[in-house]
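See structure below.
The values are calculated or read from the model by the stated rules, or taken from the named source; none is laboratory data. Bear in mind that the values here come from a model prediction, so they are computed numbers and not experimental data. Glycine gets a Cβ as well: all are built from the backbone with ideal geometry, and neighbour counts include every protein chain shown. These area figures cover heavy atoms from the full protein model, side chains too; ligands, DNA and RNA do not enter into them. Shrake-Rupley method; radii C 1.70, N 1.55, O 1.52, S 1.80 Å.
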Amino acid sequence: MKLIFFGLGSIGERQARLLQDNFEHELYAFRSGKNSEKNKLGIKEVHTLEEIEKINPDVAFITNPTKLHISTALQCADQGMSLFIEKPLSSSKEDVQKLMDTANSKKLSLYVAYCMRFHPVIKWLKEHLKNNKPLHTSVMVSSYLPNWREGIDHLTHYSAIKESGGGVLLELSHELDYLYYLFGTPTLIEAVSSKAGSVTTDAEDFADILLSFSGNLNCNLHMNFLSRLDRREMILDFEDHTVVANLAESKVTILSDGEAELKKFAFERDDMYLEQLNYFFDNLNNPEIMNGPDESSKFLNTLMEIKEAVK
């Protein structure tokens, strides 16, 4: 198949590298300026819509800044391309339904890439929850934004700029997605978020959110860009045990009265991205593809509800 990338930043470059190393697709990259530095992977570059039409790609990888996702995806869908859209789907609801309608009418696959669903800890939790009902859960994700991208001024990157779709609510939306994946659509109880430090230009750098799920399950979610402590952890309390799910260290600790059982998973970061790519291509013509048009638009509505409700 012919694949075209829109955006070759850190995530786009990772996806393209994995495709080069593990698949036999023909890759192209759309670059807006002919004078820009050539991409590191040696991918063939195109610079105009006319060139794209001649290539006639089968799939577009939308890995550019969040605020450009929908407009780029619409252009590609209009040309009949299936869509692999990096998370989050968008930074607003504008034209989202138009994109979904276009994808459905043209029978195009549309997938929003939340790779944490393929993390071994999340996969273990998905199975564990089939036979175990949690009483309460809490989630924390923290990292220091200036350390995210080596050699790049973090204050000039879209992650730090509100208008470009930056801020913790969108950039760290993996946590909200896997909560949605594990427990279903939440009801928002309360959300507090703001810019507390100097690690962003104007986007929020922390959020504290209280959510409620069906079955009388409540969840405290904390996320921030401020901490030099890299943490991605979920604690679930059950009637007869507690699970500490540490995604950063790929391990699960099960605590029961007087006992502690440790499960450690062999894991490389590329693993979940590669598994996600395999899932995408295996389900290209599957109308029930995970994070497809219906699910991804519903999740974005939840995400926007939280973003609009923060105090």
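Structure data summary
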read-out	value
Å² of accessible area per residue within segment 245-299, as computed with a 1.4 Å probe and no ligands counted	56 Å²
Surface accessible to a 1.4 Å probe, per residue, for the residues of segment 73-194, Å²	40 Å²
Helix-derived mean residue ellipticity, 222 nm - over the chain, DSSP H n ≥ 4, -39500 (n - 2.57), to 500	-9000 deg cm²/dmol
Solvent-accessible surface (1.4 angstrom probe) belonging to residue 299, in square angstrom, nearest 10	10 Å²
Solvent exposure, largest accessible area first (probe 1.4 Å, DNA, RNA and ligands not counted), of 242, 63, 201	201, 242, 63
Carbon plus sulfur fraction of accessible area for the chain, probe 1.4 Å, in percent	46 percent
Listed residues 296, 310, 277: farthest to the positive end of the dipole of segment 267-311 (Cβ charges)	310
Candidate lysines for bridging to residue 130, where Cα separation is under 29 Å - those fewer than 8 sequence places away on the same chain excluded	87, 251, 263, 264, 298
Net dipole in debye of segment 23-135 [+1 Lys, Arg Cβ; -1 Asp, Glu Cβ; about Cα centre; nearest 20]	620 debye
Backbone HN-Hα couplings from phi across segment 198-206 [Karplus 6.51/-1.76/1.60, Hz, Gly and Pro as x]	10, 8, 10, 6, 8, 7, 5, 10, 8
Positive minus negative residues near residue 74 (Lys, Arg vs Asp, Glu; Cβ under 12 Å)	-2
Rounded to 5, percent antiparallel among DSSP beta bridges of the chain	60 percent
Around residue 25: net Lys/Arg minus Asp/Glu count, Cβ-Cβ under 9 Å	-2
Lys/Arg +1, Asp/Glu -1 at C-beta; the chain dipole; positive extreme among 46, 92, 209	46
Alpha-carbon centroid distance for the pair segment 203-247 / segment 91-122, whole angstrom	24 Å
Within-10-Å neighbourhood charge of residue 195 [Cβ basis; K, R +1; D, E -1]	-2
Additional length obtainable on full extension of the chain from residue 253 to residue 58, 0.36 nm per residue less Cα span	65.9 nm
Structure-derived Cα extents along the principal axes in Å - corresponding label in (i) 51, 41, 36; (ii) 80, 44, 37; (iii) 65, 42, 35	(iii)
For the chain, with +1 on Lys and Arg beta carbons and -1 on Asp and Glu, the positive-most of 118, 241, 140 along the dipole	118
Charge dipole (debye, nearest 20) of the chain; +1 at Cβ of Lys and Arg, -1 at Cβ of Asp and Glu	420 debye
Accessible-area ranking of 256, 105, 32, 90, largest first, probe 1.4 Å	32, 105, 256, 90
Exposure ranking of 13, 94 by accessible area [1.4 Å probe, largest first]	94, 13
